[in-house]
Amino acid sequence: MNFKILTLLLGLTVISCQQTTHNEREISDLKNQADSIATVSQMVLLQKVATAIQKGGTEYAVDFCHVKAIPITDSLSKEVRMSIQRITDKNRNPKNNLKTKTDRSIFDEFKRKTELSDTLLTQNEQYVYYKRINLAMPTCMKCHGNPTTDIEEKTLQKISTSYPNDKAVGYKLNDLRGLWKIKIDKIN
């Protein structure tokens, strides 16, 4: 009798370990997929902004971002069939504000832990992936840096016209600017 129970427990343990390994692999694959999507989204957005700066300077780039940044991420969302957003505590565009308690909590965690690069959560019928966005290029400071020393007066005026409630200035190079938030529907 004890041998049968031991065999049954051993069998359940093996199945449990296999499921854990499968789940860990699935989670790792999801994180890799979401990380790739965030990286491509970042590259596309930065390339478009760089082109706008080359075309008409930072003042023109502010106009470009005001009109095109959200549609670019929306277009990428449709392409990969996932929700792609940028969120932050110091938003320029109100659509990028932290809207949920979870977003706020996760953002605060990224602020506290500078080594934290990404995280994946399970929420309802979705996985939600968050990835750090740091201001890593000196060009970023031309629109997000110190208003007195980094941002040209014409650019500041354009920011205040396009974004009257702007909070997205005063950063230093490599500061946490925001997070990529990618929602992935669970497959049942």
### Task
Could you look through the range 51-67, keep only residues that are surrounded by fewer than 16 Cβ atoms within 10 Å (Cβ to Cβ) and modelled with pLDDT under 95, and pick out the one that is farthest from the chain's Cα centre (by Cα)?
63
#### Entry: Selection from the range 90-119 of residues that are in contact (Cβ under 8 Å) with a residue 24 or more places away in the chain, assigned to a loop (DSSP other than H, G, I, E, B) and surrounded by 17 or more Cβ atoms within 10 Å (Cβ to Cβ)
90, 91, 92, 93
### Task
Only residues that are out of contact with any helix residue (DSSP H, G or I) (no Cβ under 8 Å at 6 or more places or on another chain), β-branched (Val, Ile, Thr) and touching a residue at least 12 places away in the same chain (Cβ under 8 Å): list them for the range 129-165, please.
none
### Query
Across the range 58-75, what is the total count of residues that are farther than 14 Å from residue 93 by Cβ, in contact with a helix residue (DSSP H, G or I) (Cβ under 8 Å, 6 or more places away or on another chain) and without any contact (Cβ under 8 Å) to a residue 60 or more places away in the chain?
1
### Task
For the range 68-84, name all the residues that are part of a strand (DSSP E or B) and surrounded by fewer than 20 Cβ atoms within 10 Å (Cβ to Cβ).
83
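The values are calculated or read from the model by the stated rules, or taken from the named source; none is laboratory data. This one's a predicted model, so the numbers in the text were calculated from it and none came from an experiment. Methodologically, a virtual Cβ is constructed for each residue, glycine included, from the backbone with ideal geometry; neighbour enumeration extends over all protein chains shown.
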